[in-house]
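Taken together, the values in this text are just the output of simple stated rules run on the coordinates, not laboratory data. This structure is a prediction, so every number in the text was calculated from the model and none was measured. Using ideal geometry, Cβ is built from the backbone for each residue, glycine included, and neighbour counts are taken over all protein chains shown.
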Amino acid sequence: MSSIKELRKFRIQSEYPFINNQGLGIALFDLISTFVAAYLIELIIKKWFGILLNRPVYYLSLIPLGIIIHIFFKQNTFLNRQIFSKELNIYQVLLLLNIYFIVYFLQK
């Protein structure tokens, strides 16, 4: 358990220090493991169920879905604090851009 805790220390944020081990920002381990798990789930969905996913929408939906899940379970995360901040910041802009691309790829 402590090794996972150690891995979760390494984080990324839009301000200095950009990459740090001080608990400031989004945990790189969580971010990377989310996309690795999504890739493995995608393989299972395609192989066992024969469902073809809209890949861009599938991967773009991971972050908004993560935000919703953390709200549902009342987990106060760095990203959620930034998203719901009253001051405009890069995280809000990136989320809006992400949602724009989800809508764009859904229309294709």
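Just a few scattered comments:
- The Cα center of region 64-108 and the Cα center of region 25-42 differ in position by 16 Å.
- Cleavage-rule hits, chymotrypsin sites (Phe, Trp or Tyr not before Pro), region 1-75, DSSP coil, Cβ neighbours within 10 Å at most 13: F18, F73
- If the chain linking Y39 and K108 were pulled fully straight, counting 0.36 nm for each residue of separation and taking away their Cα-Cα distance, it would gain 22.6 nm.
- Overall dimensions of region 2-107, expressed as equivalent-ellipsoid semi-axes from the Cα gyration tensor (√(5λ), whole Å, largest first), are 26, 19, 12.
- Considering only I19, F84, F73, the residue lying farthest towards the positive end of the dipole of region 2-107 is F73, judged by Cα position with unit charges set on Cβ.
- Lysine pair count for the chain with Cα-Cα distance under 29 Å and sequence separation of 8 or more or different chains is 6.
- Every helix of 4 or more DSSP H residues in the chain counts as -39500 (n - 2.57), and over all residues that averages to -18000 deg cm²/dmol at 222 nm.
- Of the DSSP H helices in the chain, those whose Cα atoms cover at least 18 Å axially and whose Kyte score averages 0.0 or more: 28-44, 90-107
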